[in-house]
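The values are calculated or read from the model by the stated rules, or taken from the named source; none is laboratory data. Keep in mind that what you see is a predicted model, and the values were worked out from it rather than measured. Please note: Cβ atoms are built from the backbone with ideal geometry, for glycine as well, and neighbour counts cover all protein chains shown. Ligands, DNA and RNA are excluded from the accessible area calculation, which covers all protein heavy atoms including side chains. Shrake-Rupley method; radii C 1.70, N 1.55, O 1.52, S 1.80 Å.
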Amino acid sequence: MSHHLVVFDSVFFCYPDGTEAIKGVSFRITHGESVGIVGANGAGKSTLLMHMNGYLIPMKGSVIIGDLYLDKKTRQEIRKKVGVVFQNPDDQLFMPTVFDDVAFGPLNLGMSEEKVRERVDEVLKTVGCLSLKDKPPHHLSAGQKSAVAIASVIAMRPDILVMDEPASNLDPRSRRQLINLLREFEHTKVIASHDLDMILDVCKRCIVIKEGRVVADGPADRILSDRVQLEENNLELPLSLQRL
Amino acid sequence: MTFDKEYFNIGYLDRLSYRDTVIHRLDSRAKVIATTIFIITVISYPKYEVISLVPFFIFPVLLITLSDTPFKFVLKKILVVSPFAVFIGIFNPLFDTRTVTLAHNALISAGWISLLSIMMKFALTISAAILLVATTSFPGVCNALQRLGIPAPFTSQLFFLYRYIFVLMEEAMRIVRARDLRSFGNRGTGIKVFARLIGILLVRTFERAERIYEAMLSRGFGGNMPSMRQFRFTISDAVFVFLTMAFFFALRFYNITEMIGRLIQGITV
Ligand SMILES: Nc1ncnc2c1ncn2[C@@H]1O[C@H](COP(=O)(O)OP(=O)(O)O)[C@@H](O)[C@H]1O
Ligand SMILES: [Mg+2]
């Protein structure tokens with residue numbers, strides 16, 4: 001199947017202040033793959049992920065999502081397929097209650113009220129936040145905000161799920177729940193994280209980014225056990241591999 | 001920090017709107033129409049009108065009672081904005097020094113009367129607006145406006161404005177907190193630092209506003225505010241709109257207070 005394909009071809013991106021954040025990145029992610037993106041702070045992970053739903057458009061090179069070539073015209077369509085959970089949950093929760101926030105996407109997809117209610121309950125249960133339904137999002141703890149932000153995106157049942165450091169605010173139990181949740185999600189997943197254990201648990205493939213370039217791309221267990229390369233990128237061996 | 005306290009109360013108005021009372025159940029359009037007509041009627045009164053405005057307080061008081069909104073909350077919000085009203089009208093007593101005769105031959109300058117009139121109009125319109133949001137929720141109001149034919153770009157701008165006020169306050173709070181944690185005594189709290197903080201606040205608010213917009217786009221936002229409560233305009237909504245309109249028009253075009261006054265005089269004389 002080609003419809004859950006993500007292809008980056010020599011993508012180049014430069015911020016208005018002149019920072020060259022992405023300098024020629026190419027990779028191809030096929031249907032159902034789970035890919036971890038790792039790298040030091042400022043390596044360009046977030047910038048890279050922002051290309052996946054057309055928030056940023058490459059200055060050179062091209063991005064193909066499914067069968068669409070990303071440009072200003074197609075990004076509306078692409079957003080229906082790609083669900084992005086951004087780094088800061090505060091930026092994603094904008095409605096007066098958790099319920100409204102999670103319902104926002106499904107309502108925009110034109111689902112009926114009954115269906116929306118069902119869907120919201122279902123995804124809130126999956127992330128363990130059903131009891132927070134009527135709370136205003138700005139009264140939640142950081143971890144709860146992350147969980148609700150994830151719920152609000154999976155409520156749209158995206159074909160491709162993209163997450164930027166999803167576990168950074170979660171307590172161990174919520175983190176474990178998130179990992180289980182992600183393992184169940186069968187579609188294409190792209191996850192940027194410093195949490196290498198999580199990447200190892202969830203992703204089969206791993207891409208290492210350094211200063212806006214891909215420096216390694218391969219099976220997660222091979223890349224994440226390469227101590228030298230990880231340390232060059234300000235990362236450490238996953239805890240689960242350190243014990244060996 | 002009172003600032004923090006205010007911040008934790010930000011969502012209160014929104015939370016009120018999730019109650020379930022007669023007023024909450026009305027179609028949001030009905031409430032928007034009634035409130036708009038109320039505000040227009042009140043504003044249309046001439047500069048020196050005071051007595052005729054009094055009966056209009058029935059509307060907010062009735063809404064507060066029926067919708068179970070805490071009276072103190074509405075009063076507090078009115079007090080918060082009242083300085084603006086005072087500011088608008090404060091020079092009237094100075095410039096408008098014609099005297100008018102009240103009952104019992106007491107004299108008063110017309111400026112004071114117009115100030116009082118401004119204050120009353122302010123209290124009436126603000127309380128009506130607060131009650132509209134408190135019983136409908138802000139997204140609900142935006143949605144109602146949209147279904148009343150206001151173009152979507154306008155109503156979604158309105159929604160953003162509301163949402164970004166929260167963002168601005170949140171950012172301000174974070175910056176103030178970070179500053180207070182690192183400034184000991186009075187150092188770092190001077191006007192120079194303050195001016196730079198305002199600059200940072202604007203930049204950060206702008207950037208966050210953009211990220212929020214991005215998050216909305218990625219969840220399928222296409223310019224229309226979706227709404228959950230699929231309202232239908234029922235008979236009770238029509239009755240509500242009709243009754244309130246009839247009430248406002250009666251007050252506006254027949255001098256009811258005077259009629260009641262005369263009636264009472266007729267009885268006592
Ligand atoms: N809005 C921006 N304007 C200018 N430079 C930016 C902006 N956002 C990020 N950068 C720069 O781009 C580079 C990549 O950042 P980012 O993608 O956020 O890294 P990561 O997510 O891997 O930590 C960094 O050097 C950062 O300073
Ligand atoms: Mg990042």
Which of the residues that make up region A:1-35 are within 16 Å of ligand 2 (Cβ to nearest atom) and in a loop (DSSP other than H, G, I, E, B)?
A:Tyr15, A:Thr19
Does region A:124-140 include one or more residues that are open to solvent by less than 40 Å² (accessible area, probe 1.4 Å), within 12 Å of another protein chain (Cβ to nearest Cβ) and in a helix (DSSP H, G or I)?
yes
Among the residues of region A:36-72, write down those that are away from chain B (no Cβ under 14 Å), within 16 Å of ligand 2 (Cβ to nearest atom), farther than 12 Å from A:Arg213 by Cβ and of a type in the set (A, V, I, L, M, F, W, C).
A:Ile37, A:Val38, A:Ala40
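Looking at A:Ile150, is it within 13 Å of A:Leu93 (Cβ to Cβ), touching a strand residue (DSSP E or B) at 6+ places or on another chain (Cβ under 8 Å) and more than 11 Å from chain B (Cβ to nearest Cβ)? Talk me through it step by step, then tell me what you get.
Working: within 13 Å of A:Leu93 (Cβ to Cβ): yes; touching a strand residue (DSSP E or B) at 6+ places or on another chain (Cβ under 8 Å): yes; more than 11 Å from chain B (Cβ to nearest Cβ): yes.
For A:Ile150, the condition - within 13 Å of A:Leu93 (Cβ to Cβ), touching a strand residue (DSSP E or B) at 6+ places or on another chain (Cβ under 8 Å) and more than 11 Å from chain B (Cβ to nearest Cβ) - is met.
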Among the residues in region A:23-31, are any aromatic (Phe, Trp, Tyr), touching a strand residue (DSSP E or B) at 6+ places or on another chain (Cβ under 9 Å) and more than 25 Å from A:Ile179 (Cα to Cα)?
no
Sole residue being within 16 Å of ligand 2 (Cβ to nearest atom) and in a strand (DSSP E or B), chosen from A:Val190, A:Val215:
A:Val190
Listing of helices (runs of 4 or more DSSP H) fully contained in region B:32-98 that carry 1 or more residues being more than 21 Å from B:Val22 (Cβ to Cβ) and open to solvent by 100 Å² or more (accessible area, probe 1.4 Å)
B:71-89, B:92-95
When residues of region A:97-114 are limited to those that are open to solvent by 10 Å² or more (accessible area, probe 1.4 Å) and in a loop (DSSP other than H, G, I, E, B), the one nearest to the other protein chains (Cβ to nearest Cβ)
A:Leu109
Pairs under 7 Å by beta carbon, first residue in contact (Cβ under 8 Å) with a residue 24 or more places away in the chain in region A:13-25, partner within 6 Å of ligand 1 (Cβ to nearest atom) and open to solvent by 70 Å² or more (accessible area, probe 1.4 Å), six or more apart or different chains?
A:Ala21/A:Tyr15
Restricting to region A:44-66, name every residue that is in a loop (DSSP other than H, G, I, E, B), under 17 Å from the mean Cα position of the chain (by Cα) and more than 7 Å from ligand 1 (Cβ to nearest atom).
A:Met50, A:His51, A:Met52, A:Asn53, A:Gly54, A:Tyr55, A:Leu56, A:Gly66
Tell me whether region A:70-92 contains one or more residues that are within 16 Å of ligand 1 (Cβ to nearest atom) and more than 22 Å from A:Ser168 (Cβ to Cβ).
no
From the list A:Arg157, A:Arg79, pick out the single residue that is assigned to a helix (DSSP H, G or I) and either among the basic types (Lys, Arg) or surrounded by fewer than 21 Cβ atoms within 10 Å (Cβ to Cβ) (or both).
A:Arg79
Candidates A:Ala155, A:Ala147, filtered to the one that is in contact with a Cys (Cβ under 6 Å, 6 or more places away or on another chain) and more than 16 Å from ligand 2 (Cβ to nearest atom):
A:Ala147
Report, ordered by the first and then the second residue, all pairs with beta carbons closer than 7 Å, sequence separation of six or more or different chains, a first member in region B:38-56 that is in contact (Cβ under 8 Å) with a residue 60 or more places away in the chain, and a second member that is open to solvent by 80 Å² or more (accessible area, probe 1.4 Å).
B:Val50/B:Leu116
Within region A:32-43, identify whether any single residue is within 15 Å of ligand 1 (Cβ to nearest atom), within 21 Å of A:Arg79 (Cβ to Cβ), modelled with pLDDT under 90 and open to solvent by 20 Å² or more (accessible area, probe 1.4 Å), and answer yes or no.
no
Answer yes or no: is there a residue in region A:146-162 that is without any contact (Cβ under 8 Å) to a residue 40 or more places away in the chain and over 15 Å from the mean Cα position of the chain (by Cα).
no
Region A:158-179: number of residues that are more than 15 Å from ligand 1 (Cβ to nearest atom) and over 26 Å from A:Leu5 (Cβ atoms)
9
Give the residue that is nearest to A:Ala167 (Cα to Cα), with candidates limited to residues of region A:73-92 that are without any contact (Cβ under 8 Å) to a residue 24 or more places away in the chain and facing chain B (nearest Cβ under 9 Å).
A:Asn88
Taking region A:8-19 as the region of interest, how many residues are among the charged types (D, E, K, R) and either within 8 Å of ligand 1 (Cβ to nearest atom) or crowded, with 23+ Cβ neighbours inside 10 Å (or both)?
1
If I filter region A:20-31 down to residues being more than 11 Å from ligand 1 (Cβ to nearest atom) and surrounded by fewer than 18 Cβ atoms within 10 Å (Cβ to Cβ), which single residue comes out as farthest from A:Val202 (Cα to Cα)?
A:Gly24
Taking A:Ala216 as meeting all but one of (1) within 16 Å of ligand 1 (Cβ to nearest atom); (2) open to solvent by less than 20 Å² (accessible area, probe 1.4 Å); (3) away from chain B (no Cβ under 14 Å); (4) touching a residue at least 60 places away in the same chain (Cβ under 8 Å), write down the number of the exception.
(4)
